[in-house]
2 protein chains.
Amino acid sequence: MKTNERPTYSQIAIHAGVSEATVSRVLNGDLKVHPERASRVHAAVEALGYKKNRAATALASGRTGLIAVVIDDDLSVFADPFWATVSSGISRVLLENELQTLLMVASVDKADGPVAHYLEGGEVDGAIFFQLHKHALVRRLSKQGLPVVIAGSPNSNSELIFADTDNFGGAAQATRHLLSLGCQNVATITGDVEASAGLQRLNGYQQAHREVGKIASKALILQGDYTFESGMRLTAQVLETNPEIDGIFAANDLMALGAIRAIEESGRSVPQDVKVVGFDDSVMATNSKPSLTTIRQDIVGLGAAVAELMIASLNGEIVTPRILKTELVIRESA
Amino acid sequence: MKTNERPTYSQIAIHAGVSEATVSRVLNGDLKVHPERASRVHAAVEALGYKKNRAATALASGRTGLIAVVIDDDLSVFADPFWATVSSGISRVLLENELQTLLMVASVDKADGPVAHYLEGGEVDGAIFFQLHKHALVRRLSKQGLPVVIAGSPNSNSELIFADTDNFGGAAQATRHLLSLGCQNVATITGDVEASAGLQRLNGYQQAHREVGKIASKALILQGDYTFESGMRLTAQVLETNPEIDGIFAANDLMALGAIRAIEESGRSVPQDVKVVGFDDSVMATNSKPSLTTIRQDIVGLGAAVAELMIASLNGEIVTPRILKTELVIRESA
DNA sequence: GGTTTCAGTGAAAGCGGTTTCTCGGATACC
DNA sequence: GGTATCCGAGAAACCGCTTTCACTGAAACC
């Protein structure tokens, strides 16, 4: 195939006048090598344009330099740029640390599929999972000693390491904003409350109410599914049954836009009659009419945080979950 | 780290009563092994739950089983789910073929960065690039014998292998639709015409005009940049200068939505006064008001096609570019 | 029937690193 | 000054699989 005459340790060793063992030590940061010899090695590496062979390193050391990013294809990878953005953040940071990102898009449900097989086969040094519900696989891998980091929160209080946006805080922020604008009856359209993100956003909404001595009425909590359609439908319904509503916090932008549509179709206007806040600060938020007040999360930052946790884990450091702050972006809708 | 007592060839060989060389032959599909011995090997593999060690295979054979997917981070990976979707299509197909997807998000411009280094280092069996303009790197790698496939079209008539949506055909389809609805003055808002996709969509628009004996006036060709804002701004301008316009083909949905906004703000209505067709069939297309008539492209299919081309290349087959058909989705806007 | 092919197989030499083990010399200790 | 320690460095084994090479017995040929 390629007759690339890539130099090997033996060439470096000869060039530097040391043994291969010493070359290895120097290149792996072993401090017990005499500085002068070390610098000779470095010079040789430079001169010959040497680059380590991953396969050989992996075989000899057992470390592959590969981190799997596992995406369940149930996930709406296809509709939502969210995960892609997180991935890019991850990839970038890993790359800076000489690690490669192995992207695995597959059904992870069956804890015995090819993905599981692969991960358990020792082909990667660690695995990053995207917000998943209750996969036994993750636990199992973790128990087996494979460093695992979750992007998003695992919903049980497991010992898994994760990084996540402050869904709770962000939702509270959004709701507080509505309340502070004078809204008396603030409804919420939740996301999937089976998953942690959805639940946390709901909790944040309730928390903001508690802070001002209110209790969010059950009737004002509408279970959506992150789609435009659900936002629109639920809002239309609740406007019928609870016409006193003057504020809505939707767990994502798409549902918020759906809500706005329903509000307008009911003859009311946003933000005069009903104020609306979304979550995500997606592209649509800027361009919608009225533009959407929403909660911005640092998605690339989330990816970076996840990668950093992984790296720390690999280094054997004791790591704790990371929660990323959100930001309220005020536009026209509230 | 892991004391996984994974079986090796030697165990299989003993269990099956053959040599390691024979085990290797069987596992690599060498037909010259006696069927009976072969089945003994397979039985042993089954019994011991054997799984090949990638690193060892890579070291010995020079094939890593890894395909790089290189994404220039200039690209709007962050805003547009398009590339994520393509990636998932790629990853899925590669996985089915025992290949892994290495995701590299980095600046590729400098043909000498870490990415280039990595790809030239023989660490991957092939590389997939996302729609790029004129990178010398791609050519170089290709010349070096590394199988390279482009997702999207390279704009020069190079010998690079690629798969792409039929941008030309789709744009023609869209424009024809407008013309067939009786539009007399159809404008287009282009994407980046420096890149092939943008140019091809413009060409398709012109082709449709030619088919009916018209020539698209220069004044009606507006150079956008795929953003909502550009669609809106350019439309507002052209409505001033060319009020006779009664149809607009935008090179993507976002700009189409921008156009609709501008049209409505000018006091006209869609589709009565001006009809609008977009391109992509994104989520927004369904949910906008009026909903958007647009050109749907099979994005996952594009990913799959790219992966298939890569696999064929790896097998030494002679491959030719693949162009994927588009589909006109008629909704309210035209 | 004897010599050539040839297909099938095993022994063994790598692939390019890492790591253990050993050893010589220098330092420390009594 | 002699022995016990220690440290830095090299030799060599090893990681698990692929592939060349040589060899065997059988089929093919004259």
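The values are calculated or read from the model by the stated rules, or taken from the named source; none is laboratory data. Everything quoted here is computed from the prediction, not taken from an experiment. So basically every Cβ, Gly included, is an ideal-geometry build from the backbone, and we count neighbours across all protein chains shown.
Observations on the structure shown:
- Total residues in the stretch B:122-167, condition buried (at least 21 other Cβ atoms within 10 Å of the Cβ), among the charged types (D, E, K, R) and in a loop (DSSP other than H, G, I, E, B): 1
- Meets criteria (in a helix (DSSP H, G or I), at pLDDT 90 or above and either more than 16 Å from DNA strand D (Cβ to nearest atom) or not small (Gly, Ala, Ser) (or both)) for residue A:93: yes
- In summary, helices (runs of 4 or more DSSP H) completely within the stretch B:1-59 and bearing 3 or more residues that are surrounded by 13 or more Cβ atoms within 10 Å (Cβ to Cβ), under 41 Å from the mean Cα position of the chain (by Cα) and more than 14 Å from chain A (Cβ to nearest Cβ) occur at B:20-27, B:35-48.
- Candidates A:170, A:182, filtered to the one that is of a type in the set (Gly, Ala, Ser) and either within 14 Å of chain B (Cβ to nearest Cβ) or surrounded by fewer than 18 Cβ atoms within 10 Å (Cβ to Cβ) (or both): A:182
- Entry remark, the stretch B:303-320: residues being touching a helix residue (DSSP H, G or I) at 6+ places or on another chain (Cβ under 9 Å) and either buried (at least 16 other Cβ atoms within 10 Å of the Cβ) or in a helix (DSSP H, G or I) (or both) number 9 in total.
- Hits in the stretch B:7-33 - residues which are within 6 Å of DNA strand C (Cβ to nearest atom) and of a type in the set (Val, Ile, Thr): B:18, B:22, B:33
- Enumeration of residues in the stretch A:274-287 that are more than 25 Å from the chain's Cα centre (by Cα) and touching a residue at least 40 places away in the same chain (Cβ under 8 Å): A:275, A:276
- Number of positions in the stretch B:60-74 that are small (Gly, Ala, Ser) and part of a strand (DSSP E or B): 1
- Qualifying positions in the stretch B:283-302 - assigned to a loop (DSSP other than H, G, I, E, B) and either more than 11 Å from chain A (Cβ to nearest Cβ) or surrounded by fewer than 24 Cβ atoms within 10 Å (Cβ to Cβ) (or both): B:289, B:290, B:291, B:292, B:298
- Those residues of the stretch A:226-271 which are among the β-branched types (Val, Ile, Thr) and in a helix (DSSP H, G or I), in sequence order: A:235, A:238, A:241, A:260, A:263
- Among the numbered conditions (1) buried (at least 23 other Cβ atoms within 10 Å of the Cβ); (2) over 22 Å from the mean Cα position of the chain (by Cα), the only one that residue B:204 does not meet is (2).
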